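The values are calculated or read from the model by the stated rules, or taken from the named source; none is laboratory data. Here the structure is a predicted model, which means the values were calculated and not measured. Every residue, glycine as well, gets a Cβ built from its backbone with ideal geometry; the counts of neighbours run over all protein chains shown.
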Ligand code: AMP
Ligand code: GLY
């Protein structure tokens with residue numbers, strides 16, 4: 001029996017907690033910044049405990065881990081990894097299934113990551129340049145015909161990247177934005193990256209990495225734009241779906257295999273460069289283009305919402321897989337049910353702008369269960385048995401079925417069982433949306 005420490009408190013972490021408890025071989029100990037009522041309930045039910053504090057404070061996490069004699073730790077969110085929580089746990093001799101500060105640099109320093117991939121000839125990169133000066137950046141933007149993505153090197157919660165034709169009108173707005181970024185320091189880093197703008201469909205590929213070999217999970221498509229039809233501002237992700245075959249309707253097996261190969265070569269490159277192993281979840285954000293999958297970015301963690309799609313299908317005991325991964329050798333490829341999933345986020349009215357906070361939500365758990373859906377708490381709190389909204393995404397609702405369309409109906413039906421001042425994107429996972437994705441890739445000659 002592991003004493004399993006989960007650090008984090010979002011819906012992604014609620015799903016991790018549920019999956020660990022489903023395995024039945026772990027007592028769950030959770031360290032959270034704010035009390036996630038779902039995680040707290042699971043910790044108590046498994047014979048574990050939870051604590052509330054600063055999840056980015058290495059000393060607070062380590063002291064909680066020592067108090068409860070943790071045998072396996074899983075620091076989950078990006079900012080926790082970028083605070084070096086893994087290194088501090090490892091220094092105390094605690095087994096940890098997450099990347100060290102140096103390994104997580106693939107996520108928290110996009111310039112480091114792009115340089116490493118280029119130096120070790122890992123395929124799948126767009127044309128790019130790294131800049132500290134506005135005039136050099138402007139010349140590079142011109143050389144790409146003004147069609148670019150402009151990225152701060154550091155962590156920005158997914159909101160710092162701007163692309164021409166979307167958040168930026170044209171090359172001259174791209175130059176202005178590049179200059180604006182150079183005056184600030186995102187995530188403590190001053191460089192910016194300019195990339196050629198890629199056309200295609202995005203997908204997320206998450207994998208377990210034991211340092212030598214990576215094991216891919218089902219591919220998922222996330223929806224970052226706030227409103228139906230993929231319009232409006234970017235969000236942390238409004239929902240996501242995955243297909244029965246573990247491919248997306250618009251990808252072929254070869255696209256999946258090529259993306260996984262890029263990720264395998266990346267952990268090998270990291271070892272060659274540093275002499276260290278990348279141990280943890282590696283998540284590649286890819287654009288499927290007419291020239292195959294291209295890497296947009298790496299995350300050194302599960303995706304939110306993408307974790308909820310894949311963990312709903314995991315057949316193995318998650319704590320056991322993470323334990324083997326942390327010790328440097330996954331014995332056999334983790335397997336996933338051949339089912340489709342659709343996850344939809346209920347978000348407060350006003351989100352992603354000024355969200356209505358402290359609104360009570362009436363959750364008909366019985367109806368949700370009878371739909372066969374799962375729900376996960378994100379930014380909510382509980383008072384006297386009632387759940388209230390906070391300023392970010394509130395609740396994720398996940399449907400699982402034999403087809404994406406059926407999973408969508410389950411998730412949509414269950415969304416109707418949460419009453420209150422929240423809304424969600426009704427189009428995620430619908431036939432009409434999937435058809436649009438297919439038409440898009442066909443128009444680019446991909447399928
Ligand atoms: P990133 O944080 O690097 O994944 O970028 C955030 C979002 O910006 C991605 O999900 C894409 O929608 C978009 N994006 C990033 N890089 C590019 C690129 N080179 N071409 C087109 N879109 C991009
Ligand atoms: N779904 C995007 C992310 O987790 O970064």
Near pairs, Cβ below 7 angstrom, 6+ apart or cross-chain, from segment 297-323 (under 23 Å from residue 162 (Cα atoms)) to any residue that is in a loop (DSSP other than H, G, I, E, B) and within 13 Å of ligand 1 (Cβ to nearest atom) | 304/236; 304/237; 305/237
Does any residue of segment 204-223 turn out to be away from ligand 2 (no atom under 11 Å from the Cβ) and over 25 Å from residue 314 (Cα atoms)?
-> no
Does residue 286 fit the bill of being touching a helix residue (DSSP H, G or I) at 6+ places or on another chain (Cβ under 9 Å), at pLDDT 95 or above and closer than 24 Å to residue 311 by Cα?
-> yes
Can you tell me which residues in segment 143-171 are outside any loop (DSSP other than H, G, I, E, B), under 23 Å from residue 305 (Cβ atoms) and in contact with a helix residue (DSSP H, G or I) (Cβ under 8 Å, 6 or more places away or on another chain)?
-> 151, 162
Which condition breaks for residue 206 when tested against (1) in a helix (DSSP H, G or I); (2) at pLDDT 95 or above; (3) touching a helix residue (DSSP H, G or I) at 6+ places or on another chain (Cβ under 8 Å)?
-> (1)
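Go through segment 212-235 and give me each residue that's within 30 Å of residue 326 (Cα to Cα) and either surrounded by fewer than 21 Cβ atoms within 10 Å (Cβ to Cβ) or in contact with a helix residue (DSSP H, G or I) (Cβ under 7 Å, 6 or more places away or on another chain) (or both).
212, 213, 214, 215, 216, 217, 218, 219, 220, 222 - these are the residues of segment 212-235 that are within 30 Å of residue 326 (Cα to Cα) and either surrounded by fewer than 21 Cβ atoms within 10 Å (Cβ to Cβ) or in contact with a helix residue (DSSP H, G or I) (Cβ under 7 Å, 6 or more places away or on another chain) (or both).
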Subset of segment 294-349 [assigned to a loop (DSSP other than H, G, I, E, B), touching a strand residue (DSSP E or B) at 6+ places or on another chain (Cβ under 7 Å) and within 16 Å of ligand 1 (Cβ to nearest atom)] | 300, 301, 302, 303, 305
Please work out which one of (1) surrounded by 17 or more Cβ atoms within 10 Å (Cβ to Cβ); (2) in contact with a strand residue (DSSP E or B) (Cβ under 6 Å, 6 or more places away or on another chain); (3) assigned to a loop (DSSP other than H, G, I, E, B) is the condition residue 40 fails and give its number.
-> (3)
